[in-house]
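A short write-up of the structure that comes next.
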Amino acid sequence: MNIFDSALLRLKKAAKYYHLPDWFIKQLSTPERTIEFNFLLKRDSGKIEMRRGYRVQYNNLLGPYKGGLRYHPKVDMDEVKSLAFWMMIKNAVADIPFGGGKGKGGIEVDPRSLSEKELERLTRQFTKELAPNIGPFMDVPAPDVNTNAKIMDWIVDEYVREIKDQKSKIKKNELKAVVTGKSVKNGGSKGREEATGLGGFFVLEELIKKLKFKKPLTVAIQGFGNVGSNIASILYKNGFKVVAVSDVHGAIYDKSDKGFNIDLVRKCKEEKGFLSGCYCIGSVCDLAKKYNDGLISNEELLELPVDILIPAALENVVTDKNAKKIRAKIVFEMANGPTTAEADEILNKKGIMVLPDVLCNSGGVIVSYFEWLQNIKGQKWSLAKVNKSLQKKMKESFEEIWKIHKEKKVNFRTAAYILALQRLAHKAGL
Ligand code: NAD
């Protein structure tokens with residue numbers, strides 16, 4: 001099953017519990033607009049290469065399209081469509097007044113093969129092509145895999161330059177709201193960098209309270225980028241034992257279950273550039289001598305006997321091939337789409353709880369919304385205000401989903417999709 005069909009299966013499942021006209025489900029199963037274009041990139045050597053860019057504007061029932069921008073060699077239209085679909089559901093779950101509509105984009109490129117100057121030229125050229133289709137009230141990109149605040153700053157700069165000559169009605173102070181996830185000095189919100197990880201933590205705390213689970217709980221995290229490293233730090237500081245972490249090069253595992261000092265792991269990763277060089281750090285070094293098997297693969301990390309497994313890298317990592325081997329009690333999806341529809345069924349049968357991406361990682365888009373609001377209103381919120389508002393929103397979404405999960409006796413993913421359907425249908429006047 002391709003990734004987009006697998007994504008739509010969840011919608012169809014929820015629609016069985018919340019009846020809506022067929023045409024509406026069909027509308028939600030089809031992107032409003034897909035944009036695919038080629039553009040040229042000049043390498044430092046003077047060589048000219050062609051690159052392909054994508055943006056899917058899925059549905060703007062709830063407001064302007066809103067979604068991340070991914071740079072990855074494997075980006076393709078099916079993947080971008082799925083990511084855009086999940087954004088529509090996520091915005092509805094988060095109940096963001098401007099959210100709901102969703103776009104998602106990407107460039108087929110391995111950014112690690114580019115110099116910083118090349119990355120900047122790539123971003124500016126992509127923005128030039130896309131400028132007529134994005135804007136603070138039309139479609140608002142944000143960071144995703146391999147994109148960050150610096151890239152968002154280049155996009156604003158290029159966008160402003162591009163639309164300067166057009167008689168745009170957008171006020172000058174509002175132009176920055178064309179993207180979120182900018183640097184704070186360039187109109188970004190305080191707290192955006194950690195927002196996805198922090199939002200996930202707020203949900204996890206609520207969940208373990210409901211389940212009456214006692215800390216310390218062991219956690220394995222796949223992916224150590226923005227999302228994975230931030231949630232690792234927050235969990236470490238809040239009494240969880242992070243016993244395994246990984247990046248694209250492999251994973252490190254503390255078999256003693258004492259858990260890593262994530263501050264040291266982060267520092268080491270910054271110095272060495274990859275996690276597998278960081279097994280022997282601080283007290284963990286003694287453990288490394290004791291157990292030679294501290295270095296494991298990403299696949300092995302997923303199958304560890306931990307309380308909580310957090311996929312925080314890419315989609316389709318828990319599949320029908322490995323779902324039977326998953327031993328965690330909770331799969332807490334911080335990545336988008338890490339569990340396939342087939343794997344969902346297997347995990348359900350095994351009694352493993354899956355907390356869905358459209359809830360767990362919605363902290364990023366919620367603080368993106370706060371950033372957009374600050375830009376439009378010319379405000380600057382304190383970090384305390386951002387985090388308090390984020391906590392409130394995450395708790396509200398979780399409570400709603402928990403209620404549907406209990407009342408309708410459905411799993412958390414179906415409950416989240418039912419909630420999204422209720423909100424989208426309400427907006428459509430159904
Ligand atoms: P990132 O680029 O900052 O980090 C990605 C991490 O995954 C890196 O550590 C990388 O080494 C690792 N990785 C890549 N390929 C891997 C593989 N095959 N196996 C194991 N690890 C691999 O990206 P991010 O922003 O942290 O995004 C991670 C996930 O979270 C994505 O699914 C993204 O869509 C989702 N997400 C991100 C945000 C956000 O605010 N950044 C918000 C919501 C959802």
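The values are calculated or read from the model by the stated rules, or taken from the named source; none is laboratory data. Everything numeric here is computed off the predicted structure, so don't read it as measured data. We place every Cβ from the backbone using ideal geometry, glycine too, and count neighbours over all the protein chains shown. Surface accessibility is based on the protein's heavy atoms, side chains included, excluding ligands, DNA and RNA. Shrake-Rupley method; radii C 1.70, N 1.55, O 1.52, S 1.80 Å.
Can you classify region 342-430 as rounded, prolate or oblate using the Cα gyration tensor, where a ≥ b ≥ c are the square roots of its eigenvalues, rounded means a/c under 1.5, and otherwise it's prolate if a/b beats b/c and oblate if not? In terms of gyration-tensor shape, prolate. Mind checking which aspartates and glutamates have their Cα closer than 20 Å to the Cα of residue 169? Skip sequence neighbours fewer than 8 apart in that chain. Within the straight-line limit of under 20 Å, residue 169 reaches these aspartates and glutamates: 139, 157, 158. Each peptide in 85-95, 345-355, 139-149, 252-262 was scored by the mean count of other Cβ atoms within 10 Å over its residues; highest first, the order is 85-95, 139-149, 252-262, 345-355. Simple rule: put +1 on each Lys or Arg Cβ and -1 on each Asp or Glu Cβ in region 53-163, find the dipole, and look at 85, 68, 159; the Cα lying farthest toward the positive end is 85. Could you pull out which residues in region 169-203 have an amide N less than 20 Å from a spot 7 Å beyond the Cα of residue 380, following the Cα-Cβ vector? Once the point is set 7 Å along Cα→Cβ of residue 380, 172-195 turn out to lie under 20 Å by backbone N, inside region 169-203.
Within the straight-line cut-off of under 18 Å between alpha carbons, the aspartates and glutamates reachable from residue 267 are 193, 194, 247, 254, sequence neighbours fewer than 8 places apart in one chain being disregarded. A crude spin-label estimate for the pair residue 52 and residue 264, with each label 7 Å from Cα along the Cβ direction, gives 4.6 nm. Measuring r between the beta carbons of residue 160 and residue 117 and using R0 = 22 Å, the FRET efficiency lands at 0.60. For the cross-link pairs 210/255; 12/325; 210/403; 16/392; 214/237; 241/329, the ones whose C-alpha atoms lie over 19 Å apart are 210/255; 12/325; 16/392.
Working from label points 7 Å from Cα in the Cα-to-Cβ sense, the residue 2 to residue 409 distance is 3.7 nm. Of the beta bridges in region 32-186, as assigned by DSSP with both residues counted there, near 65 percent are antiparallel. Averaged over its residues, the chain has an accessible area of 42 Å² per residue, based on protein heavy atoms and a 1.4 Å probe.
Dipole of the chain computed with +1 at Lys/Arg Cβ and -1 at Asp/Glu Cβ about the Cα centre; of 59, 340, 398, farthest Cα towards the positive end is 398. Rg and Dmax, both from the Cα atoms of the chain and both in Å, are 21.1, 68. Three principal axis extents of region 184-325 based on alpha-carbon atoms, in descending order, are 47, 38, 30 Å. Spin-label model, residue 129/residue 297: points 7 Å from Cα along the beta carbon direction are separated by 3.5 nm. Residue 19 sits with roughly 150 Å² accessible to a 1.4 Å probe, with DNA, RNA and ligands left out of the calculation. Each DSSP beta bridge with both residues in the chain is either parallel or antiparallel, and the antiparallel ones are about 50%. For region 316-391, the direction-averaged projected area of the alpha-carbon convex hull comes to 6.1 nm².
Taking a sphere under 14 Å around the Cβ of residue 237 and counting the other residues whose Cβ falls inside, with K and R at +1 and D and E at -1, yields a net charge of 0.
Expressed as a whole percent, the accessible area of the chain that falls on carbon and sulfur atoms is 52 (1.4 Å probe).
With an a/c value of 1.5 or above and a/b not larger than b/c for the gyration tensor axes a ≥ b ≥ c computed over the alpha-carbon atoms, region 32-186 is described as oblate. Its DSSP H runs of at least 4 residues, each contributing -39,500 (n - 2.57), put the calculated 222 nm mean residue ellipticity of the chain at -14500 deg cm²/dmol, to the nearest 500. List the lysines whose Cα sits under 16 Å from the Cα of residue 117, skipping any in the same chain fewer than 8 residues away. Reachable lysines: 42, 47, 150. Less than 5 angstrom separates the built amide H of residue 59 from those of 32, 102, all sequence-distant by 5 or more or on a different chain. Counting 0.36 nm for each residue step from residue 248 to residue 24 and taking away their Cα separation leaves a gain of 76.7 nm.
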